[in-house]
1. What about residue A:202, is it surrounded by fewer than 19 Cβ atoms within 10 Å (Cβ to Cβ), modelled with pLDDT under 95 and closer than 30 Å to residue A:374 by Cα?
2. Condition first: part of a helix (DSSP H, G or I) and facing another protein chain (nearest Cβ under 7 Å). Now tell me which residues in segment A:410-436 satisfy that.
3. List the strands (runs of 3 or more DSSP E) inside segment B:1-106, counting only whole elements, that have at least 1 residues being more than 30 Å from residue A:136 (Cβ to Cβ) and more than 9 Å from chain A (Cβ to nearest Cβ).
4. Filtering segment A:214-251 down to residues that are away from every other protein chain (no Cβ under 13 Å) and part of a loop (DSSP other than H, G, I, E, B), which residue is surrounded by the most Cβ atoms within 10 Å (Cβ to Cβ)?
5. So, residue A:36, is that one assigned to a strand (DSSP E or B) and over 19 Å from the mean Cα position of the chain (by Cα) or not?
6. Quick check on my filter: what residues within segment A:331-367 are under 24 Å from the mean Cα position of the chain (by Cα), farther than 15 Å from residue A:311 by Cβ and either of a type in the set (Val, Ile, Thr) or not in a loop (DSSP other than H, G, I, E, B) (or both)?
7. Can you find a residue in segment A:17-34 that is over 21 Å from residue B:44 (Cα atoms) and modelled with pLDDT of 95 or more?
8. What residue, of B:158, B:138, is assigned to a strand (DSSP E or B) and within 17 Å of the chain's Cα centre (by Cα)?
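The values are calculated or read from the model by the stated rules, or taken from the named source; none is laboratory data. Keep in mind the model is a prediction, meaning the values are calculated, not measured. Here Cβ is always computed from backbone atoms with ideal geometry, including for glycine, and neighbour counts include all displayed protein chains.
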Amino acid sequence: MYNKKRLLFTLFTSLLILSTTLSLIGAEEDFDYDINYIISDDAIEAGKEVNVTITLTGRYIAEEPYVLNKQVEAKMELFLDGEKISEATVPAGPMELVPYQDLTISETVPGLIPSTTLPGTHELVLRSSFEALGYDFSEEKAFPIEVLSPQSSPVSKPPSLYFSLSPLQMYKGSTSTLTVRIFNPNEAAMDLAISLYTETNGFENLLDTYILMLEGGCSEEIRRTFKLLDGDLCNLCFLAKLEWYELNGERYENVFEMGQCANLLKRPSLRAIVFNDNYVDLNDGTFQSDLHVVFINETGWRNSLIVDNMVYSIILPNEIEMMDGPRYELWNVRKDTEAILKIRGPLDTYLDQSGRVEGTYLFGDPKETVEFVSPFLMPSTDEVRIMFGYGPLSGERQDDEGSKLGITAFLISHKGYTDKRDDINEIFSYLDMIFQ
Amino acid sequence: MRKRKILTIIAVLMVLAVFTLGILTLVGVISKMAWASLLLGLIGKDVEVEEVANQAEYYEFQGLNIPEGQWQITESGDELIVENKSATIGIKTIEKDLQDVDEYLSSKALEISFDFSSNGMDTYSEKYMMCEVEAYIIVGESENINYMIVFWYMGGKIYTLNALYDLRAEADEVIYAISCV
């Protein structure tokens, strides 16, 4: 009876441990990421500033949007030969991530090499740690650094400013947290005033002015969380202006300004590029070839939201037979994509060369829809015949008389820009004709 | 004795439930991010979230708002030109009475697009929203020139944005920033 109970208890305990572990391990599997460390200088004078930048770049690769409404903070500490010389906190959340969104978080942790440090090789360690509810994560990265003798007597230096936007990518409705880390690279304490602004489409808006007192070698963090309301911004930057600082009784005014711009994710713009290759003469008066349909994103995937769903059709000239289905559907398109289809056409009839790829795609949260059409031209019958060593078809081809709009004639005969303003004025003159 | 049995059954059910959740997570039915979100939601703190929106001052033209200050803007009658890095964007409105707006605009989009295509230009078109109405965007690229026209119908006028550019992103920057009064 006792053994039975123990067996049952052991089984339950094992199952409990296994299941909770299964639940939590691999949470990072939903992120495809890379962490990169950069030290500001590997040879530095005693008494000078050193900093380490840690950058996480990755992609959220789950199928559903991710929402974190709270904020958690990780701690980062810089140690020189085991002695802590600096610490900082790094925020995560609140944030919303859409499936397959790129993610960049970069933080710089500055510290002061004590002026009493002896010249020679030393070890600088950045320790990142996160502790909560018994969940304890810690990672260390060590850098050998060469400490040099001070070359000159200490001079007063202005504070150093470091920005972080977590995450760097923003879009309408998304939330990111800004951290401005202000570091005093002097051994003496300093007072300072710093103003924080947002800049949208070239216009600045003052958020706040902060008066701070920093001990030598210490930093302060200004942290604010923003939700982006508009989708029509061409830029969103956060600026910090150092209004003044006082050090050793001296006051310095209007010192400098620095900023950090968000990477605004815009709508994707898909364009189909169509071409043929692998022609085969089927020796029955027809040919077969591969039709490549390549979708590229004119906005660039790094700067755009992904396509959640795309449905498209390929409309070929009547004379061309498609061996595969004419309608296709793709989900979670996050990179340029290509479909290769087999087609078959006649060698003894003039082809109508006009084809098109048309469809719709959805993106964003809430979903937005774009309808698209990408016309393309098939190679002419004579071009295909010549490939197989046949002569061109005899007789005159009955070309469709294209409308040849004036604007098209202007664009295709254009020899390169001289003055775009003149060219636009020329284009204006065609618009009344087009929209008559 | 009976109480103990019930407690044992409850304990077994709880363990099985957690185990099932673990398995569902492992096979991907429950997102691991859902767990991470739950955990971080428990330990995280609430912070004040500030709203950030467009602060720009606008140049108003025929019912359109164009951010003022960072680009050169020249107005002439019913035409306006915005210059931005490598892109020049001309805005022109054409007054027109239309009965079937969709039919007219889509036929014009097809006409322009197929004219570009049949004359050897690389082209593609999109239908998207501009000023909360459907707008057509047609791109035509040849060896020497890149052109994009965006047009839509609003208040008895056809609005056209005409961009000549080296990099489409620079034209998009202006076009995205144009909004309606």
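1. Working: surrounded by fewer than 19 Cβ atoms within 10 Å (Cβ to Cβ): yes; modelled with pLDDT under 95: yes; closer than 30 Å to residue A:374 by Cα: no.
No, not satisfied.
2. Passing the criteria: A:411, A:412, A:420, A:421, A:423, A:424, A:427, A:428, A:431, A:432, A:434.
3. Values: elements: B:49-52, B:58-61, B:64-67, B:72-76, B:79-84, B:87-95.
Passing ranges, in order: B:58-61, B:64-67, B:72-76, B:79-84, B:87-95.
4. A:217
5. On the way: assigned to a strand (DSSP E or B): yes; over 19 Å from the mean Cα position of the chain (by Cα): no.
No: the conditions fail for residue A:36.
6. To start, the set of residues in segment A:331-367 that are under 24 Å from the mean Cα position of the chain (by Cα) comprises A:331-338, A:360-367.
Then keep just the ones that are farther than 15 Å from residue A:311 by Cβ; that gives A:334-336, A:338, A:364-366.
Answer for segment A:331-367, where residues must be under 24 Å from the mean Cα position of the chain (by Cα), farther than 15 Å from residue A:311 by Cβ and either of a type in the set (Val, Ile, Thr) or not in a loop (DSSP other than H, G, I, E, B) (or both): just A:338.
7. no
8. Details: B:158 fails: within 17 Å of the chain's Cα centre (by Cα).
Matching residue, one of B:158, B:138: B:138.
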